[in-house]
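Everything on this sheet refers to the single structure shown next.
Just so it is clear, none of the values below were taken in a lab; they were calculated from the coordinates. None of these values were measured; they are calculated from a predicted model. Cβ coordinates were reconstructed from backbone atoms using ideal geometry, including for glycine residues, and neighbour counts include every protein chain displayed.
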Amino acid sequence: MTQTPQLSVVVPVFNEQDNVAPLVEEIVTALRGVADFEIVYIDDHSRDGTLAALEALKAGVPELRVLHHVSQSGQSTAVRNGVKAARGAWIATLDGDGQNDPADIPKLLAKRAESGPEVKLFAGWRVNRQDSGSKRWASKWANAIRSRMLRDDTPDTGCGIKLFERAAFMELPYFDHMHRYLPALMQRAGWKTLSVPVNHRQRSTGVSKYNNLNRALVGISDLRGVAWLIRRGKLTQIVER
């Protein structure tokens, strides 16, 4: 691919060999003829056949690029490395488990087209979640606490499907698990964000890489850190004279 794409679809994956081909096919179906795009997969040192499945797809999908972590580094690092390597001015992210619907990406693009330039992030909002009851309860509890502490006016910050400006993202502070706090971090940087209802699907194959206890323990520390960043942030206008 020689033409610079308008959009880069960034997908971090770890041990998702059976979800790779169906999701790539859905992305292509959703975006060909809609936008000039590339697909950037970041394999976070999978231990199954994920990397081999991705490499096999490249011959038939010219939009596909494959990055590989030589050591497992986590989802936030995978997302950031994907964004750094991306060539599009705007980034769409998807979880690699197939629960996000690529057909929602054009919906996010349409919402961007009707919004002002101050809106730099369009966050998916899973209004009809297809997770287990315990996972939905834990997410609802975590979202309530996060919203109270950060006041980010975002009902579902953990949704994997998002659309944001690459340049704005690259100016955000980087830390592990930052992908869960993108609306608050974008707002801290002086930009506006918008939540958009999206589809959510059951996982068809594979297993979740997180459990509720892991999320809770890590989330407490992260929340305190992000709240500190917000308190210590300072914005000012600059005029060249």
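Looking across segment 157-186, the residues that are assigned to a loop (DSSP other than H, G, I, E, B) and acidic (Asp, Glu) come down to Glu171, Asp176. In segment 55-78, which residues are in contact (Cβ under 8 Å) with a residue 40 or more places away in the chain and either in contact with a strand residue (DSSP E or B) (Cβ under 7 Å, 6 or more places away or on another chain) or among the charged types (D, E, K, R) (or both)? Answer for segment 55-78, where residues must be in contact (Cβ under 8 Å) with a residue 40 or more places away in the chain and either in contact with a strand residue (DSSP E or B) (Cβ under 7 Å, 6 or more places away or on another chain) or among the charged types (D, E, K, R) (or both): Glu63, Leu64, Gln75, Ala78.
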